[in-house]
1. If all Cα-Cα distances of the range 1-154 are sorted into 10 Å bins from 0 onward, what percent lands in each bin, rounded to whole numbers?
2. Based on the mean of other beta carbon atoms within 10 Å per residue, what is the order of 169-176, 136-143, 495-502, most packed first?
3. With +1 on the Cβ of every Lys and Arg and -1 on the Cβ of every Asp and Glu, and nothing else charged, how large is the dipole of the range 463-527 about its Cα centre, in debye rounded to the nearest 20?
4. Taking the square root of 5 times each eigenvalue of the Cα gyration tensor, what semi-axes in Å does the equivalent ellipsoid of the range 474-577 have, largest first?
5. What whole-number volume per residue, in cubic angstrom, does the convex hull of the C-alpha atoms of the range 59-106 give?
6. In whole Hz and in residue order, list the ³J(HN,Hα) couplings for the range 87-102 that follow from phi through the Karplus curve 6.51 cos²θ - 1.76 cosθ + 1.60, θ = phi - 60°; x for Gly and Pro.
7. Quick check: Cα centre of the range 445-475 to Cα centre of the range 1-24, how many Å?
8. Grab the alpha carbons of the range 401-546, take their convex hull, and tell me the volume per residue in Å³.
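Computed from the coordinates by the stated procedures, all read-outs in this text should not be read as laboratory data. What you see is a predicted model, and the numbers here were worked out from it, not measured in a lab. All Cβ positions, glycine included, derive from the backbone under ideal geometry; neighbour counts span all protein chains shown.
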Amino acid sequence: MKTYLTINKIFIHSEVNNKSFLAEFGKKLNVIYGANTAGKSTLIQLIFFTFGINDNKTKLIKILSENIFTRLDITIKKDNENIEYTFVRKDETLFIKDSLTNKVTTYSGIGGNSSVEHYKLKEFFNNLLNFDLLLETKNGISKAPIETIFLPYYVSQDVGWVYLRKSFSNLDFYKNFKEDFLDYYLGITKLEDKEKRKALEIQLADKNQKYNFYLNFEKNDTVIESSRLLDDSFKGKGQKFINELTNRKASLLELENKYIKQSNHLTYNNQRLSVISKVSRNHNHQFPGKDNCPICQQILPIDTKQIYEYYQEENDTIKIKAKIQSENKKIQSDLNSTNKKIEELRSLLAKDYHKHIIYSDKNITLDEWIKTQANIKLDTSINENIGKLAIEINELKEKLQSFKDDDDIQSERFIKNKKFKEFYNVNNIKLDVPKTEDSRFNYVYELSSFPFQGVELHLAVLSYHFAFNKVINETENIHRLPLILDSIFKEDLDGNNKEKILDFICKNRPNDTQTIISVADNKSKDTKIEFYIDKFFKTDTNLICIGNSINKESILKEHDKSLDEILNDTFEIMEYL
């Protein structure tokens, strides 16, 4: 069953400048409009930033420098059940609250994609959206980054309208990324299945080699190695093993004590941070000569000394919060490192315990030891081993029959290619994109670039994404996210092409998810938004205006008291213990 994600609203607040922004999203088409450089793309990038994605962080340097935190309210529909989630991100810390438990989960130190906390966040998303794409690196197989969850549903302003699968950077780092990415979203096969098939094929080849090996009356190294383990139990190695086990248990106890102390320190710091944050907020309502004393309700006295102390206390509170947050990040990192060492030691002890069972709990007798020597000398029946291998070979062949081979995969890819081409060509007719017969420019598995430039390229990319989205929707169990198209108008588009694009989007947008687009429109110049509203946008279209459609870099505005409720609720999420 598919999982659906719906964006309800985004809230941004700067504590330093006392500025805020709130935008609510509709269930169907959402249009973000405003003048060039007003902040339309910034708003979209902040959505991904709040989800924990760091890819576009360099493009957010200016607004992040205002010491902001962002809040994203979403709905997850899963197994016919709707659950509300609130994501709050401040710098490298992400807080996630769900309506099912009302608990807040905190991920501290997600600024680096290779951090332990970011890996935990990836696991959260994998479970939330039933996402299990695996990708291949030079070091082996790993779970795909969070960006790949959103990639099929996002076209970025800068490179997204020129190159496919480039709206997030650094994904070419993965080997065979295009094929594995498309296979997953089109339901062909999983890299995990390919790896399992490959592993079975390797096992089968190995068994066949050993089978022939026995037929030629040669030695079986695996049997010898297993026998040596039993043989060693009679050679005085017991004390050495016990010493190693004792030392490892002592090290484990020391690490566990360290982990408990670090956890207590982190809990203490979080309690301090919560108290200081609440004190800071109350402090804002205790200005000398203006506000009341919280005890006697009289106006606080005002003179230079009281005002100086008021600002000094405010500065001290900010410094203490920053110091505790920095210390928490280091403690969390130490906790993760300590936990990793504990898991490694426990794994080693488990292996040692298994050896211990072999050495001391198997009640090995001299007669059994003599049989072991016989195994080492290959005195066991070769025919018996041949029979065993023959059974194992047949079992492996049966398992391999359940996996798709290369011919099966190519056949299924061809079917998806034809389905995509069907949707893509229909879209091209609607958008007046020139027809090409070359399969390189019609098949989804072969398409990497287009034989067009300028306006035709822009329209071809639009056609591609709507066709790809439609094919994805026909794939079972693939999560569905809002289709986000940033900056749907190129600067050199004329009025007719702009209307053609809007007409196409409004008539062909996905019916099962939100669609979010951004449009450049300047009221002080040649504004068209009212015309677009009358001609294309239905009554269920949600409009989000940035900077009054005039101002530049104008997402944040002076905080309005009407936003106090969501602001205080956001603070409570960040102060949750």
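1. Here the calculated profile for the range 1-154 is 10, 38, 37, 14, 2.
2. On the way: 169-176: 13.4, 136-143: 11.2, 495-502: 16.4.
Output ranking for 169-176, 136-143, 495-502: 495-502, 169-176, 136-143.
3. Working: 9 positive and 11 negative charges, 22 e Å.
Magnitude of the dipole: close to 100 debye.
4. Values: eigenvalues 184, 113, 29 Å².
Equivalent ellipsoid semi-axes, largest first: 30, 24, 12 Å.
5. Working: hull volume 4.1 nm³, N = 48.
Dividing the Cα hull volume of the range 59-106 by its residues yields 85 Å³.
6. Going residue by residue, I get 9, 10, 10, 10, 6, 9, 10, 10, 10, 10, 10, 10, 6, 6, 10, 6 Hz, with x marking Gly and Pro.
7. 30
8. On the way: hull volume 18.6 nm³, N = 146.
Looking at the range 401-546, the number lands at 127 Å³ per residue.
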